[in-house]
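What follows is a short report on a single structure.
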2 protein chains.
Amino acid sequence: MRSKYVHGHRQRERQRLQDQAGALVELLHGDTRYPNGSRVLEAGCGVGAQTVTLARRSPGAAFVSIDVSAASLATARQAVKLAGVENVEIQQADILDLPYAEASFDHIFVCFVLEHLPHPHQALARLRRVLRPGGTLTVIEGDHGSTYFHPNSAAAYSAIDCQVKLQAQAGGNALVGRQVYPLMIGAGLDDVRVSPRMVYVDASRPDLVESFTENTFIAMISGVRRAAIAAGLTTAREFSAGIRDLRRTTWADGVFCYTFFKGVGVLQGSRRNGQ
Amino acid sequence: MRSKYVHGHRQRERQRLQDQAGALVELLHGDTRYPNGSRVLEAGCGVGAQTVTLARRSPGAAFVSIDVSAASLATARQAVKLAGVENVEIQQADILDLPYAEASFDHIFVCFVLEHLPHPHQALARLRRVLRPGGTLTVIEGDHGSTYFHPNSAAAYSAIDCQVKLQAQAGGNALVGRQVYPLMIGAGLDDVRVSPRMVYVDASRPDLVESFTENTFIAMISGVRRAAIAAGLTTAREFSAGIRDLRRTTWADGVFCYTFFKGVGVLQGSRRNGQ
């Protein structure tokens, strides 16, 4: 799966993921705090873009942050070390083959991971096994189909669609955000509450114009240019027109909208079936 | 413009508008309260779907609620009378030809109106003239392009698109929500703050499944069936497939999303230019 990761793993990509985390911290993570003494699994931590935020917000919890990619984990380790965060243990592990005992975590946190998996329900089922009864599972995912903007532009939608199609070809799903509820219910979690986290950007919010529309979203779509052209999904000219129109939404009269979905569910003891 | 109103004006349509108002009251109006003694113009009140809510939330304010349609106003009068609300005066008037002196209102409220107008900027310019310096203009609009759901369905999007096209043919714009910010800025308002009001519906919110997805949104799209077929935008079979797929989103694993936009701006005295 590693080689198929649609966003790539260059330095610029790392910077993008770090920027994204910075801009969205409050919106996405403001309501996530784990109790002192709890043991939390961050599954699919990647380069650690959320790890420091998570750990700092719950200083009394002990985090185990895992990823399948050694390269990503090296960056994550640097980030954790640089931040002076001491309640995170970083381990290389595959969500589909977890080296942990059943019910060994009090809580599990999964952010921007399911979008990359061909079988997200399977990943949630595996994670559920290592969650103790009464513990919570938190899932955060974006949804590229939640993107719209002013001025409207078919070329811009086509450029976004290239990313959606490439992610699908790599076995992922860039529209997974809207499926967080059914996926969590399907994994046997209870009391599932999903809340949308909409990023609304106009010129009265210049920080978001820069950090989200430009440095997160447009940077992400621009990042698939070469792959999209190589895959025959677009031409250089078409793709450039789409990026130009996305940039147009950052002008003084422009508007840009994108929505993330955050779900929290509880594992009821009585419903565990040892799956 | 009257005869072109895309939603039609039958009894069922009135019920739909009333249901919609009931379901969305808190989301859309929870933060709108006008000071005692203020004089507020509700421009384009229609059948009065928002009027009673508005007036009850600001019992010390005096509302003038206008619409161009005598038929709609008759219903609005009934609604106001039935609710026992006494701080509303209902008057027949055209937003584009307002029978009020300059700067004669402290605040103006416009909800689900701009979507029906061929020249919304012109309407806002006219409304601005009757707003006193320092007064606020509030605009609330939906945006059908903000609709997405699970399971995904091209047929469902096509059915929605019929409504968008019919509204465009009637001179309106069903995607106007995302334009609230540029429209208000363009009308010379200051300190414009637009906030999205997203309606997120899954099976954990059965009240919204019924009141919003079924009785508001699907009812609205279903309402254009005959006109859409007559206009050659779809066939009976295609449209039915779209409605079926929209209904599919109300099942236990379904998700439905729609977003309204609310903008509030202030008229600065120094910027008034007597337009």
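The values are calculated or read from the model by the stated rules, or taken from the named source; none is laboratory data. None of these values were measured; they are calculated from a predicted model. All Cβ positions, glycine included, derive from the backbone under ideal geometry; neighbour counts span all protein chains shown. Please note that ligands, DNA and RNA were not included when accessible areas were found on the heavy atoms of the full protein model with its side chains. Shrake-Rupley method; radii C 1.70, N 1.55, O 1.52, S 1.80 Å.
Here's the yes/no breakdown for (1) in contact with a Lys or Arg (Cβ under 9 Å, 6 or more places away or on another chain); (2) modelled with pLDDT of 95 or more:
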| residue | (1), (2) |
| --- | --- |
| B:182 | no, yes |
| B:207 | no, no |
| B:213 | yes, yes |
| B:224 | no, yes |
| B:231 | yes, yes |
| B:245 | no, yes |
| B:255 | yes, yes |
| B:266 | no, yes |
| B:270 | no, no |
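Quick check on residue A:229: is it in a helix (DSSP H, G or I), of a type outside the set (S, T, N, Q) and under 14 Å from residue A:139 (Cβ atoms)? Break it down stepwise before answering.
Numbers: in a helix (DSSP H, G or I): yes; of a type outside the set (S, T, N, Q): yes; under 14 Å from residue A:139 (Cβ atoms): no.
Criteria not met by residue A:229.
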Suppose we keep only residues that are open to solvent by 20 Å² or more (accessible area, probe 1.4 Å), within 14 Å of chain B (Cβ to nearest Cβ) and not acidic (Asp, Glu) within region A:151-164. Which one would you say is farthest from residue B:182 (Cα to Cα)? A:164
Subset of region A:33-52, residues open to solvent by less than 20 Å² (accessible area, probe 1.4 Å), closer than 15 Å to residue A:140 by Cα, assigned to a loop (DSSP other than H, G, I, E, B) and touching a Ser or Thr at 6+ places or on another chain (Cβ under 6 Å), comes to A:45, A:46
Identify, please: which residue in region B:237-263 is within 11 Å of chain A (Cβ to nearest Cβ) and among the aromatic types (Phe, Trp, Tyr) and is, among those, surrounded by the fewest Cβ atoms within 10 Å (Cβ to Cβ)? B:251
Filter region B:70-102 for residues that are assigned to a strand (DSSP E or B), of a type in the set (D, E, K, R) and under 19 Å from the mean Cα position of the chain (by Cα) and give the result. B:94
Can you find a residue in region B:241-263 that is over 30 Å from residue A:184 (Cβ atoms), out of contact with any His (no Cβ under 8 Å at 6 or more places or on another chain) and without any contact (Cβ under 8 Å) to a residue 24 or more places away in the chain? no
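Those residues that are part of a loop (DSSP other than H, G, I, E, B) and among the β-branched types (Val, Ile, Thr), I need them from region A:236-254; list them, please. Spell out how you get there, then give the answer.
Start the filter on region A:236-254 by keeping residues that are part of a loop (DSSP other than H, G, I, E, B), which leaves A:249-254.
Once the filter is applied, which keeps residues that are part of a loop (DSSP other than H, G, I, E, B) and among the β-branched types (Val, Ile, Thr), region A:236-254 yields A:249, A:250.
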Just one of (1) under 18 Å from residue B:99 (Cβ atoms); (2) open to solvent by 20 Å² or more (accessible area, probe 1.4 Å) trips up residue B:65, so point out which. (2)
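Matching residues to (1) without any contact (Cβ under 8 Å) to a residue 40 or more places away in the chain; (2) small (Gly, Ala, Ser):
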| position | (1), (2) |
| --- | --- |
| B:150 | no, no |
| B:154 | yes, yes |
| B:160 | no, no |
| B:170 | no, yes |
| B:180 | no, no |
| B:190 | no, no |
| B:197 | no, no |
| B:219 | no, yes |
So which of B:203, B:230 ends up being within 14 Å of chain A (Cβ to nearest Cβ) and surrounded by fewer than 18 Cβ atoms within 10 Å (Cβ to Cβ)? B:203
Considering residues of region B:105-150 that are open to solvent by 30 Å² or more (accessible area, probe 1.4 Å) and among the small types (Gly, Ala, Ser) only, the residue nearest to the other protein chains (Cβ to nearest Cβ): B:145
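Restricting to region B:70-85, and then to whatever is surrounded by fewer than 20 Cβ atoms within 10 Å (Cβ to Cβ) and not charged (D, E, K, R), can you tell me which residue is farthest from residue B:38 (Cα to Cα)? Please lay out each step first, then the result.
So the first thing to find is which residues in region B:70-85 are surrounded by fewer than 20 Cβ atoms within 10 Å (Cβ to Cβ), and the list is B:70-71, B:74, B:77-78, B:81-85.
Of the ones still in play, those that are also not charged (D, E, K, R) are B:70-71, B:74, B:78, B:82-85.
On the way: B:70: 26, B:71: 28, B:74: 25, B:78: 24, B:82: 24, B:83: 21, B:84: 20, B:85: 16 Å.
Ranking the qualifying residues of region B:70-85, first place goes to B:71.
When region A:165-182 is examined, which residues are found to be within 11 Å of chain B (Cβ to nearest Cβ) and open to solvent by 20 Å² or more (accessible area, probe 1.4 Å)?
Residues of region A:165-182 within 11 Å of chain B (Cβ to nearest Cβ): A:173, A:175-182.
Selection gives A:173, A:175, A:179, A:182.
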